[in-house]
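J.: What follows is a single structure, and I will ask about it in a moment.
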Amino acid sequence: MSRASLEKRPREVAAMFDEVAERYDLANDVLSFGQTRLWRRAVLRAVDPRPGQRVLDLAAGTGTSSQPFLLAGAQVVPCDFSLGMLRVGKRRQPLLQFTAGDATRLPFADGVFDAVTISFGLRNVHDPDQALREMLRVTKPGGRLVVCEFSQPVWPPFRTVYSEYLMRALPAIARKVSSNSEAYVYLAESIRAWPDQAELARRIQQAGWHRVAWRNLTGGIVALHRGFRRDDH
Ligand SMILES: C[S@@+](CC[C@H](N)C(=O)[O-])C[C@H]1O[C@@H](n2cnc3c(N)ncnc32)[C@H](O)[C@@H]1O
C-alpha cells in the first residue's frame with residue numbers, strides 16, 4: 001500500500017491513485033456524506049459550458065468530474081497521469097475521451113479550450129503554479145478556469161471540529177471503504193497544508209489569470225475559484 005508524501009513526487013502520487021482507482025468513487029461518496037454530488041453540480045454551473053464547447057477536465061481521474069460536461073453537450077476531454085484511474089474510467093464511461101497527460105506539461109496546443117477545470121486535483125500536483133500557467137496556455141483568449149478544491153471552513157469553531165474529524169476519523173472510516181487507507185492519511189495532511197481561499201486566489205492571479213474570484217461551498221470545506229484568460233481582441 002502506498003501513500004504519497006507532501007513533496008508530492010509525481011511517481012508516488014500516480015502510484016497512490018493507481019491503487020485506489022477501483023474504489024475511488026465509492027470512497028468519495030461515503031467520506032463526503034454525498035456532498036461530492038452537490039459540489040460537482042456547482043462546478044458545472046460555474047463552468048457553464050455551451051453545447052459544442054471544448055472543456056478540459058484536468059486531473060479527471062475516473063472521469064466522474066467530467067461526466068456532467070458530457071451530459072451538458074460539451075466536448076469534454078478528461079486528462080490525468082494515473083493510468084490506473086484512466087483505465088477504470090474508460091471501462092465505466094467508454095464515451096469519454098480519456099487522455100494521459102501531466103498537468104505541468106499538457107499534451108495540447110495553445111488556446112484550444114473554451115474552459116479548463118480541475119476538481120480535487122490541483123492540491124495533488126507537485127507544481128501547482130506551473131499547472132495554472134499550463135491551463136492558461138491551453139485556454140482560448142476570453143476562456144475561463146474553474147478550480148474546485150478543499151479549502152478552509154470559514155467559521156472558526158467548525159474549522160476546529162473539521163480538522164479533528166479529518167485527522168482522526170478519516171483514515172479509520174477509509175479503512176472500511178478503501179483499498180488503501182494510507183491514501184486517506186495523505187488526503188487529510190494535504191488538505192491541512194493547502195493554501196486558504198485568499199492565498200489560492202493570489203496564486204491563480206500570479207499565474208496570469210484575470211478577474212479571479214471564489215465562492216465557498218459547504219461552509220468553506222470546498223471552494224470554487226474562477227478566473228478568465230484575458231481577451232486579446
Ligand atoms: C482526487 S483525484 C480527482 C479526480 C476527479 N477530478 C474527481 O473529482 O473525482 C486527483 C487526481 O489528480 C491526478 N493528478 C495528480 N497530479 C497530477 C498531474 N501532475 N497531472 C495529471 N493528473 C494528476 C491523480 O492521478 C488523480 O487522479
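J.: When the helix-only estimate is applied to the chain (DSSP H runs of n ≥ 4, each -39,500 (n - 2.57), divided by the residue count), what is the mean residue ellipticity at 222 nm, nearest 500 deg cm²/dmol?
T.: For the chain, the value works out to -12000 deg cm²/dmol.
J.: Per-residue HN-Hα couplings for the stretch 17-22, Karplus 6.51 cos²θ - 1.76 cosθ + 1.60 at θ = phi - 60°, whole Hz, x for Gly and Pro?
T.: 5, 4, 6, 8, 3, 4
J.: Would you grab the residues whose amide H sits under 5 Å from the one on Thr139? Only those 5+ places off in sequence or on another chain, please, with H modelled 1.01 Å from N.
T.: Long-range HN contacts for Thr139: Gly111, Val112, Phe113.
J.: Further question on the same structure: So what's the gap between the Cα centers of the stretch 167-233 and the stretch 43-59, to the nearest angstrom?
T.: If you average the Cα positions of each part, the centres end up 19 Å apart.
J.: Taking only Cα atoms, what is the 0 to 90° angle, nearest 10, from helix 182-193's long axis to the longest principal axis of the chain?
T.: Helix 182-193 sits at roughly 60 degrees to that axis.
J.: Let me ask something additional. Can you tell me, using C-alpha contacts under 8 Å and at least 6 residues apart, the relative contact order of the stretch 174-233 as a whole percent?
T.: 23 percent
J.: A follow-up question, please. Where does each of 86-95, 147-156 land if you order them by average Cβ count within 10 Å, highest first?
T.: Most protected by this proxy first, the peptides run 147-156, 86-95.
J.: Hey, another quick one. In straight Cα distance, which lysines are under 28 Å from Lys176, not counting same-chain residues fewer than 8 positions off?
T.: Those lysines meeting the cut-off are Lys8, Lys90.
J.: Could you list the square roots of 5 times each eigenvalue of the Cα gyration tensor of the stretch 10-228, that is, the equivalent ellipsoid semi-axes, sorted largest first and rounded to whole Å?
T.: Whole-Å semi-axes of the equivalent ellipsoid: 25, 21, 16.
J.: Of all alpha-carbon pairs in the stretch 55-153, indicate the percentage at a distance above 23 angstrom.
T.: Considering the stretch 55-153, 18 percent of its Cα-Cα pairs are separated by more than 23 Å.
J.: What angle, in degrees between 0 and 90 and rounded to the nearest 10, separates the Cα long axis of helix 35-47 from the longest principal axis of the Cα atoms of the chain?
T.: 10 degrees
J.: If amide hydrogens are placed 1.01 Å from N in the peptide plane, which non-local residues have theirs closer than 5 Å to the one on Val76?
T.: Under 5 Å from the amide H of Val76: Val55.
J.: Then there is this: Place a point 7 Å from Cα of Arg230 in the direction of its Cβ. Which residues in the stretch 72-113 have their backbone N less than 17 Å from it?
T.: Answer for the stretch 72-113: 111.
J.: Shifting gears a bit: Give me the percent relative contact order of the chain, please, defined on Cα pairs under 8 angstrom at least 6 residues apart.
T.: 21 percent.
J.: Could you calculate the FRET efficiency of Ala100 with Phe158 from 1/(1 + (r/R0)^6), where r is the beta carbon distance between them and R0 is 35 Å, rounded to 0.05?
T.: Once rounded, the FRET efficiency stands at 0.35.
J.: Across the stretch 78-91, in residue order, what do the Karplus-derived ³J(HN,Hα) couplings come to in whole Hz, using 6.51 cos²θ - 1.76 cosθ + 1.60 with θ = phi - 60° and x for Gly and Pro?
T.: Ordered by residue, 3J(HN,Hα) equals x, 10, 7, 9, 8, 5, x, 5, 5, 5, 4, x, 5, 5 Hz.
J.: Cut-off is 10 Å between beta-carbons; in what order do Ser181, Ser5, Ser163 appear when sorted fewest neighbours first?
T.: The fewest-first ordering by Cβ neighbours comes to Ser5, Ser163, Ser181.
J.: Starting at the first residue of the stretch 48-56, write each ³J(HN,Hα) from the Karplus equation 6.51 cos²θ - 1.76 cosθ + 1.60 with θ = phi - 60°, in whole Hz, x for Gly and Pro.
T.: Per residue, the Karplus-derived 3J(HN,Hα) values read 6, x, 8, x, x, 5, 9, 10, 9 Hz.
J.: If we count other beta carbons within 10 Å of each Cβ, what is the order of Thr139, Thr117, fewest first?
T.: The most exposed by this proxy come first: Thr139, Thr117.
J.: Where nothing but the Cβ of Lys and Arg (+1) and of Asp and Glu (-1) is charged, how large is the charge dipole of the chain around its Cα centre, in debye to the nearest 20?
T.: Roughly 420 debye for the chain.
J.: By average Cβ neighbour count within 10 Å, what is the ranking of 198-210, 17-29 from highest down?
T.: Listed from highest to lowest mean packing, they are 17-29, 198-210.
J.: Check which residues have an amide H placed less than 5 Å from Leu217's amide H, if you skip close sequence neighbours.
T.: Answer set, sorted by chain and number: Val222, Ala223, Leu224.
Laboratory data are not the source of any read-out in this text; all were calculated from the coordinates shown. The shown structure was predicted, so the numbers you read here are calculated from the model rather than taken from an experiment. With ideal geometry, Cβ positions are generated from the backbone for all residues, glycine too; neighbour counts draw on all protein chains shown.
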